[in-house]
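The values are calculated or read from the model by the stated rules, or taken from the named source; none is laboratory data. Here the structure is a predicted model, which is why all the values come from computation and not from measurement. As a convention, Cβ positions derive from the backbone with ideal geometry for all residues, glycine included, and neighbour counts pool all protein chains shown.
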Amino acid sequence: MEIKKTGIFTILGRPNVGKSTLTNALVGEKVTIVSDKPQTTRNRTTGIVPYRDAQFIFVDTPGFHRPKNKLGDYMVSVVQESVSDTDAGILVVEPRAPGKQEKMLISRMQAEGVPMLLLINKIDAVDKLEILQVIEQYAALGEFVTILPASAKTGDGVEILREELYKLCQDGPALYEEGVFSDQSERVMAAEFIREKLLRLLDREVPHGIAVEIEKFDESNAEYTEIGAVIYCEKESHKGIVIGKNGAMLKKVGQYARQDMETLLGKKVYLTLWVKIRENWRDDGYSIRDFGYE
């Protein structure tokens, strides 16, 4: 079908409200990693999907939070910059009273003149009366195109959101070629798959101090791809946790990450992982840029 409209939609919200889960649900592909830990997304990630005669472009952003280091400063700047040059902002919230982060994001969108849609996520966790109260509290803060209770995890409300977004699309040709569902390279997505498994398998602060760098990505063989990656952590004690007893944790991370890589690439993957230390890299501007956060 010929694309006659496009819509660029930025997905915003505080950490751990389900922005990445929503992005993947809207696109129908895994374009951004997901975990139950806050601040999983560090960079702006774009997902692309056709809908009727339109092309939707979804921009998933890091959770809007009070930064504690230079990496956090970068993540907040990504959110603020992403509000501009978008056809609408989708504010994703949990079913509770609006807090400081939500009010700041609403003010930012209002200042930019960006149409706002409110998606109240995780509705399966509360009763209907609480949801109605949350709707009233948000409606008092500004004018929303729509306020939609939904569950990104189950898909409840996602199709209704697509219908609302279609109305906001602008006339024009497709911005991405047919079949493209993400602006991230396969190399970047491979690194993110590894980081996702570390976030899911490790406890407390350890995974937040981790960066992944792909050193080898060899596709010269038609039947398999060889990938070599370095996992950087901030402390010697963290290195031991990442490796695990007799290498058990590192092996598990590799197994799970390789499954996602093989799905993405459509062929067998030989994955090799190393673990190195780069102390306090989250507060080092050079390291932040070196790991692709720029």
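How many residues are within 29 Å of LEU175 (Cα to Cα) and charged (D, E, K, R) when one looks only at segment 14-73? Selection size over segment 14-73: 9.
The set of residues from segment 240-287 being closer than 21 Å to GLY209 by Cα and hydroxyl-bearing (Ser, Thr, Tyr) comprises TYR256, THR272, TYR286, SER287. State yes or no: is LEU22 within 17 Å of LEU161 (Cβ to Cβ), in contact with a helix residue (DSSP H, G or I) (Cβ under 8 Å, 6 or more places away or on another chain) and crowded, with 18+ Cβ neighbours inside 10 Å? Answer is yes for this residue.
Suppose the filter is of a type in the set (Val, Ile, Thr) and closer than 24 Å to GLU159 by Cβ; does VAL83 pass it?
On the way: of a type in the set (Val, Ile, Thr): yes; closer than 24 Å to GLU159 by Cβ: no.
Judged against the criteria, VAL83 is not a match.
I want to confirm something. Restricting to segment 54-73 and keeping residues that are among the polar types (S, T, N, Q) and assigned to a loop (DSSP other than H, G, I, E, B), which single residue is farthest from GLU102 (Cα to Cα)? Quick ask: steps written out before the conclusion?
Pass one, segment 54-73, residues among the polar types (S, T, N, Q): 55, 61, 69.
Now drop any that are not assigned to a loop (DSSP other than H, G, I, E, B), which leaves 61, 69.
Numbers: THR61: 14, ASN69: 21 Å.
Only one residue tops the list, namely ASN69.
Checking each residue of segment 144-161 against the condition of being outside the structural domain of ILE227 (by TED's automatic domain parsing), over 25 Å from THR41 (Cα atoms), at pLDDT 95 or above and in a loop (DSSP other than H, G, I, E, B) gives at least one match. Looking only at segment 115-134, residues that are in a loop (DSSP other than H, G, I, E, B) and in contact (Cβ under 8 Å) with a residue 60 or more places away in the chain come to 2 in all. When ASP36 is tested against (1) farther than 16 Å from SER182 by Cβ; (2) surrounded by 23 or more Cβ atoms within 10 Å (Cβ to Cβ), exactly one condition is not met: (2). Among the conditions (1) over 17 Å from ASN121 (Cα atoms); (2) surrounded by fewer than 16 Cβ atoms within 10 Å (Cβ to Cβ); (3) within 21 Å of the chain's Cα centre (by Cα); (4) without any contact (Cβ under 8 Å) to a residue 60 or more places away in the chain, the only one that GLU219 does not satisfy is (3). Residues in segment 258-294 that are surrounded by fewer than 17 Cβ atoms within 10 Å (Cβ to Cβ) and in contact with a Gly (Cβ under 6 Å, 6 or more places away or on another chain): THR272 alone. Restricting to segment 249-277, what's the tally of residues that are under 18 Å from LEU199 (Cα atoms) and in contact with a helix residue (DSSP H, G or I) (Cβ under 7 Å, 6 or more places away or on another chain)? Count: 11. Tell me whether segment 100-111 contains one or more residues that are surrounded by 23 or more Cβ atoms within 10 Å (Cβ to Cβ), modelled with pLDDT of 90 or more and under 10 Å from the mean Cα position of the chain (by Cα). Within segment 100-111, none of the residues are surrounded by 23 or more Cβ atoms within 10 Å (Cβ to Cβ), modelled with pLDDT of 90 or more and under 10 Å from the mean Cα position of the chain (by Cα). Among the candidates VAL49, VAL76, the residue that is β-branched (Val, Ile, Thr), farther than 19 Å from LEU161 by Cα and not in a loop (DSSP other than H, G, I, E, B) is uniquely VAL76. Close contacts from segment 157-171, counting a first residue that is touching a residue at least 60 places away in the same chain (Cβ under 8 Å) and among the aromatic types (Phe, Trp, Tyr) and a second that is surrounded by 11 or more Cβ atoms within 10 Å (Cβ to Cβ) and not in a loop (DSSP other than H, G, I, E, B), with Cβ to Cβ under 8 Å and a gap of 6+ residues or different chains, come to TYR166/LYS5; TYR166/GLY7; TYR166/TYR51; TYR166/ALA54. If you go through segment 151-161 one residue at a time, do you hit one that is closer than 23 Å to PRO38 by Cβ, among the β-branched types (Val, Ile, Thr) and touching a Ser or Thr at 6+ places or on another chain (Cβ under 6 Å)? Among the residues of segment 151-161, not one is closer than 23 Å to PRO38 by Cβ, among the β-branched types (Val, Ile, Thr) and touching a Ser or Thr at 6+ places or on another chain (Cβ under 6 Å), which makes the answer no.
Kindly indicate which of VAL78, VAL134, VAL126, VAL93 is under 24 Å from GLN55 (Cα atoms), of a type in the set (A, V, I, L, M, F, W, C) and either surrounded by fewer than 16 Cβ atoms within 10 Å (Cβ to Cβ) or in the same structural domain as THR32 (by TED's automatic domain parsing) (or both). Steps first, please.
Numbers: VAL134 fails: under 24 Å from GLN55 (Cα atoms); VAL126 fails: under 24 Å from GLN55 (Cα atoms); VAL93 fails: under 24 Å from GLN55 (Cα atoms).
Checking each option against the conditions leaves just VAL78.
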